[in-house]
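Asker: Here it is, the structure in full.
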Amino acid sequence: MSVVTNQQFFTKVNQAFIDGDIDFLADHVADDVEWSMFGNKMIGRDAFIDCVKEMGMGNETNVALTIENLIASGNEVALKGKMHANTEAGQEKIYTYCDIYVMDGAGKIKELTSFYLDMKE
């Protein structure tokens, strides 16, 4: 993938997380995807999708996402970003995050390692 293609694809992936777009995410992860987050590892598409559903994404409003940096090398991509959102109760939440992706030969997400911080600005 070119840098522009990477930026566009991972912007769509991040937006799909925010929107709770399960179909898009399921279509773009490998059957044996591994997602490490919070010291836990989910293995397989079903576990990945179950985790996305449990996160309740799509329940926040006025979400603004900014990808600040994207670095690609071979089949690996690291991106750092910030998300501003309002909860259903109207509380503003600000997160900074870093996701590290490993892609398979078919252009699907094979591995994802996620780190995020709840910012107090």
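Asker: In the stretch 18-33, which residues are assigned to a helix (DSSP H, G or I), at pLDDT 85 or above and either of a type outside the set (Asp, Glu) or over 16 Å from Cys51 (Cα atoms) (or both)?
Answerer: In the first step, residues of the stretch 18-33 are kept if they are assigned to a helix (DSSP H, G or I); the result is 18-19, 22-27.
Narrowing further to those that are at pLDDT 85 or above: 22-27.
Hits for the stretch 18-33 are Ile22, Phe24, Leu25, Ala26.
Asker: Which one of these does Gly107 not meet: (1) outside any loop (DSSP other than H, G, I, E, B); (2) touching a residue at least 12 places away in the same chain (Cβ under 8 Å)?
Answerer: (1)
Asker: What are the residues in the stretch 34-48 that are out of contact with any Phe, Trp or Tyr (no Cβ under 7 Å at 6 or more places or on another chain), within 18 Å of Met103 (Cβ to Cβ) and in a helix (DSSP H, G or I), if any?
Answerer: Residue satisfying the conditions is Arg45 alone.
Asker: Please determine whether any residue of the stretch 49-65 is charged (D, E, K, R) and in a loop (DSSP other than H, G, I, E, B). Steps first, please.
Answerer: Filtering the stretch 49-65 down to residues charged (D, E, K, R) leaves 50, 53-54, 60.
Within this subset, residues satisfying the condition of being in a loop (DSSP other than H, G, I, E, B) are 60.
Yes, the stretch 49-65 contains a residue that is charged (D, E, K, R) and in a loop (DSSP other than H, G, I, E, B).
Asker: If a residue has to be surrounded by fewer than 16 Cβ atoms within 10 Å (Cβ to Cβ), over 11 Å from the mean Cα position of the chain (by Cα) and either modelled with pLDDT of 90 or more or among the small types (Gly, Ala, Ser) (or both) to count, how many in the stretch 109-121 make the cut? Walk me through how you get there before you give the answer.
Answerer: Going through the stretch 109-121, the residues surrounded by fewer than 16 Cβ atoms within 10 Å (Cβ to Cβ) turn out to be 113-121.
Narrowing further to those that are over 11 Å from the mean Cα position of the chain (by Cα): 117-121.
Narrowing the set further to residues that are either modelled with pLDDT of 90 or more or among the small types (Gly, Ala, Ser) (or both) leaves 117.
The qualifying residues number 1.
Asker: Test of understanding: among Ala47, Ala106, Ala78, which residue is within 17 Å of Asp23 (Cα to Cα) and surrounded by fewer than 17 Cβ atoms within 10 Å (Cβ to Cβ)?
Answerer: Values: Ala106 fails: within 17 Å of Asp23 (Cα to Cα); Ala78 fails: within 17 Å of Asp23 (Cα to Cα).
Only one candidate qualifies: Ala47.
Asker: Can you tell me which condition Thr96 does not meet? The list is (1) surrounded by 12 or more Cβ atoms within 10 Å (Cβ to Cβ); (2) modelled with pLDDT under 90; (3) of a type in the set (S, T, N, Q), and all the others hold.
Answerer: Every listed condition holds for Thr96 apart from (2).
Asker: Still on this model: Which condition from (1) among the aliphatic types (A, V, I, L, M); (2) touching a strand residue (DSSP E or B) at 6+ places or on another chain (Cβ under 9 Å); (3) more than 17 Å from Thr11 (Cα to Cα) is the one that Ala78 breaks?
Answerer: Ala78 satisfies every listed condition except (3).
Asker: Then there's this: Would you please list the contacts, defined by Cβ atoms under 8 Å and residues six or more apart or on different chains, that run from a residue in the stretch 17-35 that is over 21 Å from Phe115 (Cα atoms) to a residue that is small (Gly, Ala, Ser)?
Answerer: Final answer for the pair search is Phe24/Ala16; Asp31/Gly44.
Asker: Given the structure, is Ala85 of a type outside the set (D, E, K, R) and at pLDDT below 85?
Answerer: Numbers: of a type outside the set (D, E, K, R): yes; at pLDDT below 85: yes.
For Ala85, the condition - of a type outside the set (D, E, K, R) and at pLDDT below 85 - is met.
The values are calculated or read from the model by the stated rules, or taken from the named source; none is laboratory data. Small disclaimer: the values here were computed from a predicted structure and weren't measured. In this analysis, Cβ positions are derived from the backbone assuming ideal geometry, glycine residues included, and neighbour counts consider all displayed protein chains.
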